[in-house]
Amino acid sequence: MSSEQVRAPFRRPGRTPVAGALRAVETFLLSGGQQTARRNAWAAVVADRQRARDRREAEYEMAALTAGVPGGAARPR
């Protein structure tokens with residue numbers, strides 16, 4: 001597969017009716033500080049996953065460059 005892959009449309013988390021209902025229950029059950037802490041923790045998890053994905057991609061590209069493979073390396077997903 002080439003370095004440019006076709007990706008499925010990304011749907012932002014938190015934009016579904018179920019997420020809205022969960023957020024309403026969360027607001028009712030949790031105080032504001034706990035709610036904010038949970039959201040911050042989730043944002044950190046998402047950011048860590050993105051950094052790991054970017055790091056993996058950079059490692060594959062560097063391996064391709066050092067191996068002299070034109071067009072980039074094949075990236076397992």
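Throughout, read-outs are computed from the coordinates displayed, never taken from laboratory work. Every value quoted in this text rests on a predicted model; they were computed, and no experiment measured them. When we count neighbours, we look across all protein chains shown, and the Cβ atoms used for this are built from the backbone with ideal geometry, even at glycine.
Extending 7 Å from Cα along the Cβ direction at Ala37 and again at Ala58 yields two label points whose distance is 3.2 nm. When the alpha carbon gyration tensor of region 17-67 is reduced to an equivalent ellipsoid, its three semi-axes come out at 39, 12, 4 angstrom, largest first.
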